[in-house]
Amino acid sequence: MVDRALPFLTGLAALFLQMMLSDFLTIRGLRPDFVLIFVVYLSLRWGSLAGIIAGFSLGLVEDFLSAGSLMGLAPLTKSITGFLVGRLQGRYNRMSPITFHAAWVGIMMVHFFIFIYVNYQSVYVTNPGIFWQTYIFAAVYTFIFIGILQMIIPLSKVKPPPK
Amino acid sequence: MRKLVGFIVDNRDWFSLTFSIALSLLLLSNNESPDVQILRGKFNSVLSVIYAPVNWVQGIGTLREENNALRAKAVQLSLLNSELLQYKTENERLKAMLDYKESVGTFLLPARVVSTGLSPLMRVVNINVGSQQDVRPNLAVVSVDGVVGKTVSVGPATTVVQLMVDYSFRLSVKLEKSGTTGIMHWREGDIFEVWEIPKATEIEVGERIITSGFSDIFPPNLAVGFVSGIIDRPEMMHKIAVAKANTDFTTLGHLFVIRGE
């Protein structure tokens, strides 16, 4: 029961963290994406289906609470991320560590690319330099936080629940 | 039938993904729908309640600093005010001589930023006034320093303000000394650019930038920023003025919505 309630509570905590801390952590109009970090961890533990549900529902709440953003974009990118990261569930021992880490980093990079591209598509055409700069900065900023969390709970140690 | 259900259950990940993508795309295509806007307005009202304790704590932390800044500003403004009063008298006298009709006045509605949303990209803020205070989309929003943005989505008690640092925001501006107009938009960080300035125009670094008034949203002569650099290359048809805004978008607190009287 506790094990089932924990993801839900952690999801709420991630959302709460995003709400409370993102203002303080805004640099050049960009913020770390705590909800995405949660979706990555959750998908690795609970699999693709849980990742899609969490990504979609939290993304939807995020969009509703972020007036001005494109409604539906966060659920789209986060559910895709949840699905793809969920495919890595329990594969750490069967893959080389480099492939495993490259895979989730790559998936997150894809997430940021879709997110930034849709938001800054006009910039992509008029000023590609600024587009790539924004993309890299947005991704790196979130990677810093997932990197810190990795020191406490390494992604390689996130295992599926015992059956 | 059983086979079909079995197939769906076996491939539930793929079906869920397809369903969530389809639903997301449907939402994306209905982004401007009034129902979605109403729902967002309601969510933002809830968010402003959740944010209230955070704003309260932030308010206490910055109160002393803000108070000192406001005192200094008050002194500056009272000095400026006395100077402007002289101009006003002179202006009225000249207008009377020209038989000038008084233009429509403006009404400033004070508002407070209640949240900046959850999106990883910060381009809008929510303020604590809405349709109950007669706020509607496309009204200018300013701070004591200058232009901040415009209202885009209005709920009953909250309004979303698109900031000047949103890449899709464009503002018709005038360079105060030369009187040349141009289109100002955000470039990166705290840097803006004013485009469409004729090559022959002399621009000075430090020159004030104000709203041109060629807009239904922004009244003329609102302070916007100042010129911090000039880009003038031979292959370019126009000059570009690099600019900085007067407003610090990272510390937005108290704003004013400009409403026609």
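For segment B:1-116, the spread of Cα positions along the three principal axes, ordered from largest to smallest, is 89, 44, 18 Å. For segment A:71-150, the convex hull spanned by the alpha carbon atoms encloses 98 Å³ per residue.
Projecting label points 7 angstrom from Cα along Cα→Cβ for A:Leu12 and A:Lys157 puts them 2.7 nm apart. For chain B, the mean projected area of the C-alpha convex hull, equal to one quarter of the hull surface, is 21.5 nm².
Dipole of segment B:148-256 computed with +1 at Lys/Arg Cβ and -1 at Asp/Glu Cβ about the Cα centre; of B:Phe192, B:Met237, B:Ala157, farthest Cα towards the positive end is B:Ala157. In summary, the convex hull built on the alpha carbon positions of the protein assembly as shown has an orientation-averaged projected area of 27.1 nm².
For segment A:82-134, the set of trypsin sites (Lys or Arg not before Pro) satisfying both a DSSP loop assignment and a count of at most 11 other C-beta atoms within 10 Å is given as A:Arg94.
The mean number of Cβ atoms from other chains found within 10 Å of a Cβ in peptide A:19-29 is 6, as a whole number. The three principal axes of the Cα atoms in segment B:154-261 give end-to-end lengths of 52, 30, 22 Å, sorted in falling order.
With a cut-off of 15 Å between beta carbons, the residues surrounding B:Thr158 carry a summed charge of +3, where Lys and Arg count +1 and Asp and Glu -1.
Kirkwood radius and radius of gyration were both taken over the C-alpha atoms of segment B:109-213, and their ratio Rg/Rh is 1.03. Across B:Asp248, A:Asp63, the residue with the most accessible area heads the list, and the full order at a 1.4 Å probe is B:Asp248, A:Asp63. With 21 Å as the limit on Cα-Cα distance, the pairs of B:Lys177/B:Lys239; A:Lys159/B:Lys3; B:Lys174/B:Lys199; A:Lys78/B:Lys150 that go past it are A:Lys159/B:Lys3; A:Lys78/B:Lys150.
Remark on segment B:20-59: ratio of C-alpha radius of gyration to 2.2 N^0.38 Å is 1.63.
The Cα atoms of segment B:177-236 cover 34, 28, 20 Å along the three principal axes, with the biggest extent listed first. Highest GNM mean-square fluctuation among B:Thr151, B:Thr159, B:Thr250, for chain B modelled with Cα contacts below 10 Å: B:Thr250.
The values are calculated or read from the model by the stated rules, or taken from the named source; none is laboratory data. Every value quoted in this text rests on a predicted model; they were computed, and no experiment measured them. Every residue, glycine as well, gets a Cβ built from its backbone with ideal geometry; the counts of neighbours run over all protein chains shown. Calculation scope for accessible area: heavy atoms of the full protein, side chains included, ligands and nucleic acids excluded. Shrake-Rupley method; radii C 1.70, N 1.55, O 1.52, S 1.80 Å.
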